[in-house]
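What follows is a single structure, written as structure tokens, with notes after it.
Computed from the coordinates by the stated procedures, all read-outs in this text should not be read as laboratory data. As the structure is a prediction and not an experimental result, all values here were calculated from the model. Because the Cβ atoms are built from the backbone with ideal geometry, glycine has one as well, and the counts that use them run over all protein chains shown.
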Amino acid sequence: MNRTEVETMEPLYFVMAIMGCGDAGAVCEQARVEPIRYRTALECQAAMPEALARNSDLSFPEITGACQQQGMRMAKAKTRPRG
């Protein structure tokens with residue numbers, strides 16, 4: 001690969017972390033990550049109610065979700081010839 005090319009990397013996507021929290025949302029910790037990948041944060045957030053219902057078996061007073069960006073974003077470098 002030369003300097004003007006960029007290797008194809010894994011695309012940017014979002015996953016949903018299921019967080020278990022103490023009473024009133026205090027001291028949350030990641031309990032699970034949903035296996036589904038979402039193309040946008042909006043898609044991830046829209047799927048949150050169903051995901052929380054699927055994960056209601058967690059033994060925390062409260063559960064919540066957080067959409068997290070995963071993957072790499074790469075840009076193609078445009079260079080001028082030297083000399």
*Work out the FRET efficiency for Arg32 and Met72 from their Cβ-Cβ distance, taking R0 = 25 Å, and round it to the nearest 0.05.*
0.60
_Suppose the chain between Leu42 and Glu62 were pulled fully straight at 0.36 nm per residue; how much longer would it get relative to their current alpha carbon spacing?_
4.9 nm
